Amino acid sequence: MAAEFGELTQTPLQKVWIPLASKRLQRRGSSVPQFTNSPTMVIMVGLPARGKTYISKKLTRYLNWIGIPTKVFNVGQYRREAVQTYKNYEFFRPDNEEAMQIRRQCALAALRDVHTYLSFEEGQVAVFDATNTTRERRGLILQFAKEHGYKVFFIESICDDPDIIQENITQVKLTSPDYRDCNRDEVVDDFLKRIECYQKTYQPIDDELDR
């Protein structure tokens with residue numbers, strides 16, 4: 001499903017549906033009550049600086065608060081662990097084959113950890129926080145979920161307001177480990193070019209094609 005944001009602010013949920021205790025399911029061999037009939041993946045989709053990580057953290061915090069074991073898997077963190085030194089936006093160019101392979105391996109590593117969490121650690125919801133802007137990447141995730149019997153929900157964060165995007169970059173990306181010891185202008189310039197790299201291959205969610 002697509003979410004269109006005029007500004008990156010939290011909207012409180014008005015209603016919460018929680019199954020009666022007598023209706024809760026329990027995974028075999030688990031002492032944790034199940035609120036869902038199968039483990040669930042929430043897949044974030046969207047260009048950089050669209051608030052995906054903000055949404056992921058807020059959703060995870062809320063679901064844990066109502067008793068649903070939930071964890072965020074941020075693929076960017078896997079990439080930072082794999083590539084210790086970030087140089088510039090060219091790492092994200094779609095024609096940078098070496099970097100594309102690294103990014104794919106990072107996504108696969110995150111999926112392996114999702115499998116461990118949902119299948120062996122009593123997790124019920126995994127939030128997969130990444131751009132996931134191509135249908136090929138989303139297809140990979142859907143195939144993974146199908147193989148393991150997980151439900152999948154897509155959340156696409158859309159924002160085309162340049163002022164909001166600029167504000168998000170200055171508020172969040174200035175403190176990113178990618179830009180340690182960089183000044184504000186350098187960060188904004190490089191990150192805008194990073195966004196352009198993603199825009200070249202961005203395929204928005206399609207109700208028919210993303211199944």
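The values are calculated or read from the model by the stated rules, or taken from the named source; none is laboratory data. Note that this is a predicted model, so its numbers are computed, not measured. For neighbour counting, all protein chains shown are included, and Cβ atoms are generated from backbone atoms with ideal geometry for every residue, glycine included. The area values use the complete protein model at the heavy-atom level, side chains included, leaving out ligands, DNA and RNA. Shrake-Rupley method; radii C 1.70, N 1.55, O 1.52, S 1.80 Å.
Here is how the numbers come out for the structure above:
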| read-out | value |
| --- | --- |
| Residues of segment 125-139 that turn out to be surrounded by fewer than 16 Cβ atoms within 10 Å (Cβ to Cβ) and not hydroxyl-bearing (Ser, Thr, Tyr), as a count | 2 |
| Pairs where the first residue, in segment 128-146, is over 22 Å from residue 194 (Cβ atoms) and the second is modelled with pLDDT under 95, C-beta under 9 Å, 6+ apart | 139/210; 142/210; 142/211 |
| Selected residue (criterion: least open to solvent (accessible area, probe 1.4 Å)) from residues of segment 147-172 that are assigned to a loop (DSSP other than H, G, I, E, B) and under 29 Å from residue 113 (Cα atoms) | 150 |
| Meets criteria (open to solvent by less than 50 Å² (accessible area, probe 1.4 Å), part of a helix (DSSP H, G or I), at pLDDT 95 or above and of a type in the set (Phe, Trp, Tyr)) for residue 144 | yes |
| Criterion (out of contact with any Leu (no Cβ under 8 Å at 6 or more places or on another chain), of a type in the set (D, E, K, R), in contact (Cβ under 8 Å) with a residue 60 or more places away in the chain and in a helix (DSSP H, G or I)) met by exactly one of 178, 189 | 178 |
| Filter result for residue 113 (closer than 24 Å to residue 58 by Cα, loosely packed, with under 14 Cβ neighbours inside 10 Å and out of contact with any helix residue (DSSP H, G or I) (no Cβ under 8 Å at 6 or more places or on another chain)) | no |
| For residue 61: the one exception among (1) closer than 29 Å to residue 180 by Cβ; (2) open to solvent by 50 Å² or more (accessible area, probe 1.4 Å); (3) in contact with a strand residue (DSSP E or B) (Cβ under 6 Å, 6 or more places away or on another chain) | (3) |
